[in-house]
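S.K.: The structure follows.
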Amino acid sequence: MSIQWFPGHMNAAKKEAAEQMENIDLVIEVLDARLPEASCNPLVDQLRKFRQRPSLKILNKIDLADPVATAAWKAYYDAQDGVTAYPMTTKKPADVARIPDLALSLAPHRGVPTKPLRIMIMGIPNVGKSTLMNALLKKRVAKVGDEPAVTKVQQRLYLNKNVVLVDTPGMLWPKIAMATDGLMLAASHAIGTNALVEEEVAEYLGELLLQRYPHLLTARYGLKTDGMDGVGVIEGVAMRRGFRVRGGDYDYEKAAHSLLQDYRQGALGRISLETPDSRAASLALHAAEVAEKARLAAEKLAAKLEEQSRGKRGS
């Protein structure tokens, strides 16, 4: 399943962010620590690099992510030019309190009343951006909800006399190139439910958990994971929870939803859906698939042209 979700307000948000970037000193991009690159909007990097703006990448929700993977991601981002990574959770006020000083260190030429530091906060839907805004300002200024795309308009707020925050709507990008990215985003609730089939997303999640965290499936559901696949995981959840429909069959839909909810809420344990190594492998596989499609398309075109040429010669 190829998952795509780019409603109209996101296109408007992209245009507005591009216009505002000229007057911004620093971009804070909020990522989901469980899937940092899948939740990293390529449009954000394009916009900030065009204006040569530094980036503070917030690896949010570390309380839900595998700490070993999070450490690897911090090293990965810190090695990039103009980028600093900060693993944190908005649930800890002390984590939030460090952000202004980190931001000022990345743009030391700003940060005084006559030249306040201008920060644009960006991120995909439902990654915790609005919660971060509220925590920074210590008051409710942004809507928070458990559904993607709650924030739909940009707003400008003063953190203090030295720092200005520009909050932007959660924004995806027009085409998610890798199917696995769409599935990871869907599993983590960053994509509207109208754009996906929960059972297929849960099957993908089940397969991934079998590969990397089978012990967590055993601990949560009592599953014997040897020889199991994603479908088997969902059926196991249905059996464990007693989810059945009229007639006695497993309620597959309800079990799939339950598995996704357990992952999203951290009930399964601390899980990361990707690591720098797994990301590199996925990119290599995707590049090979794209190259193969291009080769087949070229062969098909060449055969068509040859057939047309023979037809002309025959006539």
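The values are calculated or read from the model by the stated rules, or taken from the named source; none is laboratory data. Quick caveat: nothing in here was measured; it's all calculated off a predicted structure. Here the Cβ is made from the backbone with ideal geometry for all residues, glycine too, and neighbour counts use every protein chain on show. Only protein heavy atoms, including side chains, enter the accessible area calculation; ligands, DNA and RNA are left aside. Shrake-Rupley method; radii C 1.70, N 1.55, O 1.52, S 1.80 Å.
S.K.: Kindly provide the set of residues from the stretch 39-69 that are in a helix (DSSP H, G or I), crowded, with 22+ Cβ neighbours inside 10 Å and within 17 Å of the chain's Cα centre (by Cα), ordered by number.
M.R.: Answer for the stretch 39-69, where residues must be in a helix (DSSP H, G or I), crowded, with 22+ Cβ neighbours inside 10 Å and within 17 Å of the chain's Cα centre (by Cα): Val44, Ala69.
S.K.: Say we look at the stretch 132-149 and pick out the residues that are at pLDDT 60 or above and open to solvent by 50 Å² or more (accessible area, probe 1.4 Å); which of these is nearest to Thr90 (Cα to Cα)?
M.R.: Only one residue fits best here, namely Lys138.
S.K.: Every residue in the stretch 15-38 that is open to solvent by 10 Å² or more (accessible area, probe 1.4 Å), in contact (Cβ under 8 Å) with a residue 12 or more places away in the chain and among the acidic types (Asp, Glu), please.
M.R.: Matches in the stretch 15-38: Glu16, Glu22, Asp25, Glu37.
S.K.: Of the residues in the stretch 174-197, how many are surrounded by fewer than 16 Cβ atoms within 10 Å (Cβ to Cβ) and among the charged types (D, E, K, R)?
M.R.: Number of matching residues: 1.
S.K.: While we're here: Regarding the stretch 204-220, can at least one residue be identified that is open to solvent by 50 Å² or more (accessible area, probe 1.4 Å), of a type in the set (Asp, Glu) and within 29 Å of Thr70 (Cβ to Cβ)?
M.R.: Checking the stretch 204-220: at least one residue is open to solvent by 50 Å² or more (accessible area, probe 1.4 Å), of a type in the set (Asp, Glu) and within 29 Å of Thr70 (Cβ to Cβ).
S.K.: Let me ask you something else. Would you be able to say whether some residue in the stretch 102-120 is in contact (Cβ under 8 Å) with a residue 24 or more places away in the chain, touching an Asp or Glu at 6+ places or on another chain (Cβ under 6 Å) and open to solvent by 10 Å² or more (accessible area, probe 1.4 Å)?
M.R.: Yes, the stretch 102-120 has at least one match.
S.K.: Working only within the stretch 85-100, note down all residues that are surrounded by fewer than 18 Cβ atoms within 10 Å (Cβ to Cβ) and over 27 Å from Arg212 (Cα atoms).
M.R.: Lys92, Pro93, Ala94, Ala97, Arg98
S.K.: Here's something else I'd like to know. Show the residue pairs meeting these rules: Cβ distance below 8 Å; 6+ apart or different chains; first residue within the stretch 228-242 and of a type in the set (Asp, Glu); second residue open to solvent by 60 Å² or more (accessible area, probe 1.4 Å).
M.R.: Asp229/Glu207; Glu235/Tyr250
S.K.: For the stretch 75-101, enumerate the residues that are assigned to a loop (DSSP other than H, G, I, E, B) and touching a helix residue (DSSP H, G or I) at 6+ places or on another chain (Cβ under 7 Å).
M.R.: Met88, Thr89, Thr90
S.K.: Among the listed residues Glu199, Glu207, which satisfies the condition of being within 30 Å of Pro169 (Cα to Cα) and either assigned to a loop (DSSP other than H, G, I, E, B) or over 18 Å from the mean Cα position of the chain (by Cα) (or both)?
M.R.: Sole residue among the options that is within 30 Å of Pro169 (Cα to Cα) and either assigned to a loop (DSSP other than H, G, I, E, B) or over 18 Å from the mean Cα position of the chain (by Cα) (or both): Glu199.
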